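This report concerns only the one structure given below.
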Amino acid sequence: MLRRQTLFERGVTWAVITAMITIIAALWVGMVAGGIIPDPLGQAARGYTLTGYLLGFTVIVVGTLTFAYSLRKRGLQESIVGRGSMMSWLWAHVALGLIAINLSVLHAGFGVISYPVSSGKILFWTFAFLTLSGIVWRTVYAVVPKRAAARIGNYSAEAMSDRIVELTTEIEKVAAGRSAAFRQLVDWLGAAPHTDQELHYAVAQGQLPPDEQQAIFEVKVLADSRRRAEERIIHQKRYTRRQQLWRWIHVPLALSIVPLLFVHVLGATRAVTRLLPIGSQGMLFSSFAPSGDCRSCHRAVYDQWKHSMHAHAMRSPVMIAQSNQVAKEVLADVDGPDPKLICVNCHGPVGIALTKREQALLPLDGGNDDQDDLVNEGVGCVVCHQYNGAPSDRGSAGLTPFQKKYEHVGNTYFGPFDDPVGNAAHKSERGAIYDDPTRLCVACHNVVFDKNEDQRFDKGPDLVLQETTKEYDEYRENGGGATCLDCHMPYDKRSRAAESADLVFEQDAEAPKRKTRDHSFVAVDYPLDVPPEKDPQRLKRGALLRSAATLRLSSVGNVLTATIKNTGCGHNLPTGLAFARQMWLEIQAFDGSGRVIFSSGALAKNTDDLCDDGSMSDVFRGFMEGCTQTDRNLVNFQLKLVDVIDTKRDNAGTELRNEDGERIVIAAPNARESVLQRLTGGAVARRRPLDNALFTPMKPGEERAFNYILPFNAFRVEARLLFRSFGPYFLRAIAAGQPKSEKPRLAPLVKNLQIDEMARAEIRLR
């Protein structure tokens with residue numbers, strides 16, 4: 001009588017347990033992903049959430065318990081822990097494996113079906129095949145023995161071998177003392193199967209005596225029985241191999257799970273990156289990815305960015321030539337990374353962090369072509385979206401301390417949205433800095449260096465390269481309402497931040513409608529190695545410059561007054577490296593016949609220089625083209641970079657201050673104009689030879705008026721406010737300092753300089 005199966009010896013019991021655990025876990029994950037249950041680490045069906053971590057830990061525990069079945073078969077039979085039948089343990093082994101694989105699906109969430117190959121996917125699919133092989137093995141053991149029973153009986157090869165020996169002995173007994181013909185027939189029967197008819201014929205031919213004729217048929221029965229036993233052993237081995245085949249697949253896969261799990265946990269937790277400081281992990285363990293990796297999901301953003309100066313920040317011909325000369329001629333003997341890296345820390349913060357340079361010559365060497373692209377990328381996606389600081393210290397820009405605020409221990413990207421959608425590429429979080437995104441700009445658009453280490457940043461004693469963020473703060477304090485993003489990153493027409501992401505495979509679900517911004521970062525600069533006609537941002541840049549200022553003309557007699565007003569900027573005009581920018585007035589007066597009778601600031605071609613008295617010195621005269629004499633009427637808002645500065649003092653030697661309470665910076669005696677920023681140098685205001693007017697940058701809302709004395713026969717005047725990002729002589733002087741081996745060559749690119757019209761006006765004098 002068969003023993004009745006217990007509850008846990010039944011497969012249906014374990015199937016119900018497996019289904020219940022899976023359903024409960026799936027409901028929990030669904031509510032977390034749907035926002036019904038809050039998860040402090042992210043609302044997504046992903047492994048990086050708290051739910052994902054707990055499920056991953058549970059998978060490890062449950063997966064470990066499946067190994068108990070092997071222990072039960074060997075070392076736990078007689079122990080208290082090992083109580084229970086082998087059938088119960090086998091079903092538990094199968095069920096625990098299914099529970100583990102189901103929970104691992106919920107742990108990974110949409111990551112299971114996403115495109116990128118990862119250690120987690122390799123581990124999951126190995127685990128899935130391991131589970132499948134176990135199920136197939138269990139199925140084979142349940143089905144094959146029953147089907148094979150009719151053919152092979154049991155699987156005892158030893159019993160069959162004993163039976164063969166017995167039959168051989170019986171045959172030998174029957175053949176003992178028989179004739180030679182009888183023994184010959186015995187051998188004949190043993191060599192191959194034969195029918196009774198064939199044996200009758202052989203007996204007749206062999207002329208066996210009557211007493212042996214009956215005996216030979218007894219031998220045939222024994223020989224056939226022995227042959228069936230031999231065939232059964234062959235079938236036993238064959239079926240055994242079929243069943244054990246899955247063991248040779250299942251067991252090695254089970255053993256491979258351990259190292260794969262270790263690699264996955266190591267990679268998922270970024271353990272190596274966490275243990276090593278930024279810059280010492282090398283490229284392999286770095287969390288920083290090139291911006292090209294983002295294009296699959298953020299195609300519009302990437303296409304906007306790739307034409308921006310952010311994308312060219314480390315590859316700009318001017319940056320390469322000027323930065324390398326400063327590194328060699330100015331900062332070579334300076335101790336420590338600050339201010340050695342003050343330029344490249346902003347132009348390529350990730351590249352400097354990864355290469356750990358303290359003296360950077362461009363382009364950076366990343367070790368191979370792919371890494372060269374990353375370290376020379378400039379201001380890419382990770383520079384803003386993996387920055388996890390709240391920069392309030394204006395002096396940190398361009399210096400090494402601000403680099404420590406990069407989120408380099410994981411692939412978490414920060415943005416402005418409270419409800420980021422899970423995706424296959426990275427974890428998304430709202431960054432505190434996006435409460436006021438303009439704070440991101442301070443990291444590089446307020447560049448100063450505390451030379452005297454008094455914890456202050458003062459013009460004169462300290463190195464002040466640009467103060468755009470400070471200017472913006474003053475604009476806001478005086479009631480200005482625009483932000484940096486309003487002008488340089490206006491809203492665009494997209495409604496999805498990741499508009500090209502494939503749903504489910506790259507993005508877990510459809511994101512809510514967003515207000516997204518243009519990532520062209522349009523400003524006054526452009527890649528000089530791109531011909532003007534191929535510059536995709538030319539129209540946007542022109543529109544931005546036209547919104548910055550207004551120009552108005554008036555006259556009294558033959559005195560013309562041109563009034564410029566900074567109407568559209570949240571900072572000074574010009575700003576940034578104002579010693580390189582040229583914003584000037586082009587004035588042309590015509591007589592009644594349309595002939596030009598007065599001109600100032602008019603150029604024959606884009607590469608001609610303004611005939612500025614301050615630049616037509618002995619230092620740069622050889623680099624200037626299109627000028628024979630000083631334009632005394634020229635209005636050119638371009639600061640002058642000199643190698644040594646001083647501060648203005650009264651007759652008693654007391655330093656004078658301007659209306660903002662700042663020292664007034666002037667050129668030191670015997671100072672010379674320079675194209676390289678020196679630690680002793682700085683930017684000073686130019687003067688107009690005609691009336692000694694100072695060309696300091698115009699503050700937001702500020703208005704300046706300039707007079708021109710025209711010929712009495714002037715009939716009509718046309719005026720334009722023009723802008724050029726560099727003076728041609730400035731670029732030619734930098735190009736002259738390039739070593740012959742340096743690429744790209746700057747001199748041939750001067751022809752690509754563009755002039756933008758900011759405003760125009762016209763007046764009739766009579």
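Things to note:
- Of the listed requirements (1) touching an Asp or Glu at 6+ places or on another chain (Cβ under 9 Å); (2) modelled with pLDDT of 95 or more, LYS751 misses just one: (1).
- Residues (without any contact (Cβ under 8 Å) to a residue 40 or more places away in the chain and more than 18 Å from LEU245 (Cβ to Cβ)) located in the range 114-135: VAL117, LYS121, PHE124, TRP125, ALA128
- Subset of the range 418-459 (residues that are part of a loop (DSSP other than H, G, I, E, B) and in contact with a Lys or Arg (Cβ under 6 Å, 6 or more places away or on another chain)): ASP418, GLY422
- Selected residue (only one of LEU7, LEU2 is surrounded by fewer than 12 Cβ atoms within 10 Å (Cβ to Cβ), modelled with pLDDT under 95, touching a Ser or Thr at 6+ places or on another chain (Cβ under 6 Å) and of a type in the set (A, V, I, L, M)): LEU7
- Unmet requirement for GLU762, which otherwise passes all of (1) in contact with a Cys (Cβ under 9 Å, 6 or more places away or on another chain); (2) part of a strand (DSSP E or B); (3) not polar (S, T, N, Q): (1)
- Residue identified as closer than 19 Å to GLY134 by Cβ, modelled with pLDDT of 95 or more and of a type in the set (A, V, I, L, M) among ALA19, ALA95, ALA15: ALA19
- Selection from the range 14-50 of residues that are touching a residue at least 24 places away in the same chain (Cβ under 8 Å), open to solvent by 20 Å² or more (accessible area, probe 1.4 Å) and under 26 Å from SER85 (Cα atoms): TRP14, ALA15, ILE17, ILE21, THR22
- Taking the range 724-759 as the range and being in a strand (DSSP E or B) and open to solvent by 10 Å² or more (accessible area, probe 1.4 Å) as the test, the residues that pass are ASP756, GLU757, ALA759.
- When ILE597, ILE587 are checked against the criterion of being over 46 Å from the mean Cα position of the chain (by Cα) and open to solvent by 20 Å² or more (accessible area, probe 1.4 Å), a single residue qualifies: ILE597.
- Residue check: VAL524 meets all listed conditions (1) open to solvent by less than 50 Å² (accessible area, probe 1.4 Å); (2) under 23 Å from the mean Cα position of the chain (by Cα) but one, namely (2).
- Enumerated helices (runs of 4 or more DSSP H) restricted to the range 467-561, each holding at least 2 residues that are at pLDDT 95 or above: 538-546
- All of PHE505, PHE457, PHE449 fail the test of being of a type in the set (Phe, Trp, Tyr), open to solvent by 60 Å² or more (accessible area, probe 1.4 Å) and closer than 25 Å to LYS340 by Cα, apart from PHE457.
- Looking across ARG720, ARG704, one residue alone is among the basic types (Lys, Arg), touching a residue at least 24 places away in the same chain (Cβ under 8 Å) and open to solvent by less than 50 Å² (accessible area, probe 1.4 Å). It is ARG704.
- Matching residues in the range 378-401 - criterion: being in contact with a Lys or Arg (Cβ under 9 Å, 6 or more places away or on another chain), at pLDDT below 70 and open to solvent by 10 Å² or more (accessible area, probe 1.4 Å): ALA390, SER392, ARG394, SER396
- The residue pairs whose first member lies in the range 672-694 and is under 18 Å from LEU577 (Cα atoms) and β-branched (Val, Ile, Thr), whose second member is open to solvent by 20 Å² or more (accessible area, probe 1.4 Å) and in a loop (DSSP other than H, G, I, E, B), and whose beta carbons are closer than 7 Å, counting only pairs six or more residues apart or on different chains, are THR680/ASP643; THR680/VAL644; VAL684/LEU639.
- Wholly enclosed strands (runs of 3 or more DSSP E) of the range 598-683 bearing at least 3 residues at pLDDT 90 or above and over 18 Å from TYR729 (Cα atoms): 645-647, 665-667
- With respect to the stated conditions, LEU266 fails to be at pLDDT 85 or above, part of a helix (DSSP H, G or I) and more than 30 Å from ALA747 (Cα to Cα).
- Within the range 612-626, the set of residues being open to solvent by less than 30 Å² (accessible area, probe 1.4 Å) and over 47 Å from the mean Cα position of the chain (by Cα) comprises just one member, MET616.
The values are calculated or read from the model by the stated rules, or taken from the named source; none is laboratory data. Keep in mind the model is a prediction, meaning the values are calculated, not measured. With ideal geometry, Cβ positions are generated from the backbone for all residues, glycine too; neighbour counts draw on all protein chains shown. With ligands, DNA and RNA removed, areas are computed over all heavy atoms of the protein, side chains included. Shrake-Rupley method; radii C 1.70, N 1.55, O 1.52, S 1.80 Å.
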